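Below is one structure, written out as structure tokens; comments come after it.
The values are calculated or read from the model by the stated rules, or taken from the named source; none is laboratory data. Owing to the predicted nature of the structure, the values given are computational and were not obtained by experimental measurement. With ideal geometry, Cβ positions are generated from the backbone for all residues, glycine too; neighbour counts draw on all protein chains shown. To get the accessible areas, we keep the full protein, side chains included, count just its heavy atoms, and leave off ligands, DNA and RNA. Shrake-Rupley method; radii C 1.70, N 1.55, O 1.52, S 1.80 Å.
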Amino acid sequence: MSRTKTSLLAALALLSGTSAAALVSAPAGAVTAAAPCTVDYKVQNQWDTGFTTAVTITNNGPAKSGWSLTWSYAGNQRIGNGWNAKVSQSGSSVTAANESYNGTLPTGGSASFGFQASYSGSNAVPDTFTLDGVACNIVGGPTDPGPTDPGPTDPGPTDPGPGGPKAANPYVGAKVYVNPEWSAKAVAEPGGSRISNQPTAVWLDRIAAIGGVNGGMGLRAHLDEALKQKGSGELVVQLVIYDLPGRDCAALASNGELGPNDLDKYKSQYIDPITSILSDAKYAGLRIATVIEPDSLPNLVTNAGGTNTTTDACVTMKSNGNYEKGVSYALDKLGALANVYNYIDAGHHGWLGWDSNLGPSVQEFYKVATTNGASVGDVAGFIVNTANYSPVKEPNFKVTDMVNGQTIRQAKWIDWNQYVDEQSFALGLRDKLVAAGFDSGLGMLIDTSRNGWGGSARPTGPGPTTSVDSYVNGGRIDLRLHAGNWCNQSGAGIGQRPTAAPATGVDAYVWVKPPGESDGNSAAVPNDEGKGFDRMCDPTYGGNARNGNNPTGALPNAPLAGHWFPAQFQQLMQNAYPPLS
């Protein structure tokens, strides 16, 4: 990957299945099948001029291959954007019709959708709903017979499930999914059993990955395995959403399968199928943390115009808007699911840490989170250092340090950056995001899979005070030749183990990049994955403007991005910090 320089309460998930009682947020047994359908209409969040809703319809009649729900408002409510249904309004009358992926409603099956609307004065709940022209019972309304007495065949009230509010931090009180495919590779390596039980993310880096590639596990298989690991507690599954049109416009090694203009294909063949699978009622009890499109939006800020880091491919993606439209679409569709937590990729401090980059980045993030159907309510947080090597903390100096009356920010390594490590960057970015309009409960993730920088070369204290460069270079634990180096870095080590809520404002330290998976091939390799040869993965390359014309520091003999790289895995374990036991 190129690395150069909460919310409104959630809408209900789209669900389809046969266990209707478990899909509606009312207690089990609350609604009988007296009518061919029931509607649960909930105002999820309301303020002076607007509100959001979550609507669940349950089909008690014959199976349907498509549906349309209609109602009318008594007041002046006006529908804005909707999700998981095509919502339209004419006067006071509203129609919500199924999307292409959720039209099937078996007998007893449910589907959920939501929308945002404006109003003034009163905001009364509609008193009549019709599904395909037939009147429905309303949960909590006059046609609702109320709860039944729990008996031998009635389990009584269930957990809030997909209709309830999202957790403030999904990682708190939860286990995290251990990918058995990665775990098997790790344990097969000498010493790998020391970390093979750690949770890592599942990368959906092409359309075929949804169903499984070359006999490997697809998304459903991972979710089924996650249910087994979950047991009776909570469990987080981490998914990397990574297949934008023109993907990774500044790094050939992680180019993708979709062309710059394949936005419709991205929506219909990638995001929609993922959304449909995650919407299955079977998985409603899992917490899904999605990492949304690494590298994409940061590339639009730093590599799409006017500097010596500009690439033609990034200029194209900024011009056609398909990164922004694609990310907005993913946020909208996935954020509407009550058990999904979207985290937008935000680069790292050595990419966006300068004021000239950070301010425009915040503007870009807010733009994408508030256009093309997305809202800030679709964003649980942001993630930094995805698949990168920047330390959580530089222990031997801080950005405010002075040497002989000079700020260390002028050291060549820091290059006037406002930050020297990832945690300070993550929290500084978080403050700016909240000030820009994101929710005050915004959570940050930090990828710590390869940023430990331990081993015998790790400095134990500050460098000499003879100059700012000596002070910084002698004390920094990040031993890269340049902070812009990102591919298979020599000397790197496993970082801090995945941890929930390690600091205020940080939801978790996570291993998004599975240790041992290559960043890119060190020489040209023919392949059918759309991945090119990036010279930043070539250990003989002398660098370019994006890394200050420094050598790459990349390991030799590396395979394609995402493929297993045993030599790197061994070095990461050797240099782990904290050390492996």
**OP:** Please work out how much length the chain gains when fully extended from THR49 to THR70, using 0.36 nm per residue of separation minus the C-alpha to C-alpha distance, in nm with one decimal.
**Re:** 5.2 nm
Original post:
Residues with amide H under 5 Å of ALA501's amide H, sequence separation 5 or more or different chain, H placed in the peptide plane at 1.01 Å from N; which?
Top reply: ALA508, TYR509
Subject >> Per-residue ³J(HN,Hα) for segment 340-357, Karplus 6.51 cos²θ - 1.76 cosθ + 1.60, θ = phi - 60°, Hz, x for Gly and Pro >> reply: 10, 10, 8, 10, 7, 5, 10, x, 8, 5, x, 10, 10, x, 7, 3, 5, 9
**OP:** Taking the Cβ of GLN568 as the centre, find all other residues whose Cβ is under 13 Å away and add up their charges (Lys, Arg: +1; Asp, Glu: -1).
**Re:** 0
Original post:
Once phi is turned into θ = phi - 60°, what whole-Hz ³J(HN,Hα) does the Karplus curve with 6.51, -1.76 and 1.60 give for every residue of segment 183-191, x standing for Gly and Pro?
Top reply: 4, 5, 5, 5, 5, 6, 8, x, x
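What's the ranking of 383-390, 106-113, 442-449 by average number of surrounding C-beta atoms within 10 Å, highest first? Before the final figure, lay out the partial values.
Details: 383-390: 29.2, 106-113: 22.5, 442-449: 26.4.
Descending packing order for the listed peptides: 383-390, 442-449, 106-113.
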**OP:** Could you point to the residue in GLY475, LEU235, GLY259 farthest towards the positive end of the chain's charge dipole, with +1 and -1 charges on the Cβ of Lys/Arg and Asp/Glu respectively?
**Re:** GLY475
Subject >> Cβ-based charge dipole, the chain, positive-most Cα from TYR341, ALA436, ASN388 >> reply: ASN388
Subject >> Label-zone membership for segment 530-553, site THR307, 7 angstrom Cα→C-beta point, backbone N under 16 Å >> reply: 544-550
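Among 52-62, 292-302, 116-126, how do they line up by average Cβ neighbours within 10 Å per residue, starting with the highest? Intermediate values should be presented prior to the final figure.
On the way: 52-62: 22.2, 292-302: 25.3, 116-126: 14.9.
Peptide ranking by packing, descending: 292-302, 52-62, 116-126.
Where does the charge balance sit around TYR341 when Lys and Arg score +1, Asp and Glu -1, over other residues with C-beta under 13 Å from its C-beta? Walk me through the intermediate numbers first.
Working: positive: LYS166, ARG287; negative: GLU234, ASP378, ASP439, ASP507.
Here the count lands on -2.
Might you report the magnitude of the Cβ-based charge dipole of segment 231-360 about its Cα centre, with Lys and Arg at +1 and Asp and Glu at -1, to the nearest 20 debye?
Numbers: 8 positive and 15 negative charges, 39 e Å.
Computed charge dipole of segment 231-360: roughly 180 debye.
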**OP:** Please give every one of the lysines within straight-line cross-link reach of LYS318, meaning a C-alpha to C-alpha distance under 19 Å, and leave out same-chain neighbours fewer than 8 residues apart.
**Re:** LYS5, LYS265, LYS267, LYS367
Original post:
Can you give the helix-only mean residue ellipticity at 222 nm for the chain, where every DSSP H stretch with n ≥ 4 adds -39500 (n - 2.57) and the sum goes over all residues, rounded to the nearest 500 deg cm²/dmol?
Top reply: -6000 deg cm²/dmol
Subject >> Approximate spin-label separation SER193-SER118, in nm, with each point projected 7 Å along Cα-to-Cβ >> reply: 6.4 nm
**OP:** Whole number in Å², please: accessible area per residue of segment 408-467, 1.4 Å probe, ligands, DNA and RNA not counted.
**Re:** 38 Å²
**OP:** Run through the DSSP bridge list for the chain and note the antiparallel percent, rounded to the nearest 5.
**Re:** 60 percent
**OP:** Take the Cβ-Cβ distance between VAL434 and ALA523 as r, set R0 to 41 Å, and report the resulting FRET efficiency rounded to the nearest 0.05.
**Re:** 0.35
Original post:
Is any residue of segment 543-581 close enough, with backbone N under 17 Å, to a label point placed 7 angstrom from the Cα of LYS393 along the Cα-Cβ axis, and if so, which?
Top reply: 577-579
Subject >> Two-site FRET efficiency, MET402 against THR504, from Cβ-Cβ distance with R₀ of 30 Å, rounded to 0.05 >> reply: 0.65
Subject >> In sequence order, calculated HN-Hα J values of segment 165-175 (Karplus, 6.51, -1.76, 1.60; Hz; x Gly/Pro) >> reply: x, 6, 5, 4, 9, x, 7, 6, x, 10, 6
Subject >> Fraction of accessible area attributable to carbon and sulfur, the chain (%, probe 1.4 Å) >> reply: 52 percent
**OP:** With unit charges on the beta carbon (Lys/Arg positive, Asp/Glu negative), name the residue among ILE414, THR460, VAL510 whose Cα is farthest towards the positive pole of the charge dipole of segment 385-528.
**Re:** THR460
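Quick one: dipole size for the chain, taken about the Cα centre, charges +1 on Lys/Arg Cβ and -1 on Asp/Glu Cβ, in debye to the nearest 20. Can you show the working numbers first?
Numbers: 38 positive and 48 negative charges, 156 e Å.
Dipole about the Cα centre, nearest 20: 740 debye.
If you count, for each residue, the other Cβ atoms within 10 Å and average over each peptide, how do 328-334, 355-361, 564-570 line up from highest to lowest? Write down the numbers at each step before the final one.
Working: 328-334: 24.6, 355-361: 16.9, 564-570: 18.7.
Descending packing order for the listed peptides: 328-334, 564-570, 355-361.
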Original post:
Taking R0 as 25 Å, what's the FRET efficiency between LEU227 and ALA567 from their Cβ-Cβ distance, rounded to 0.05?
Top reply: 0.10
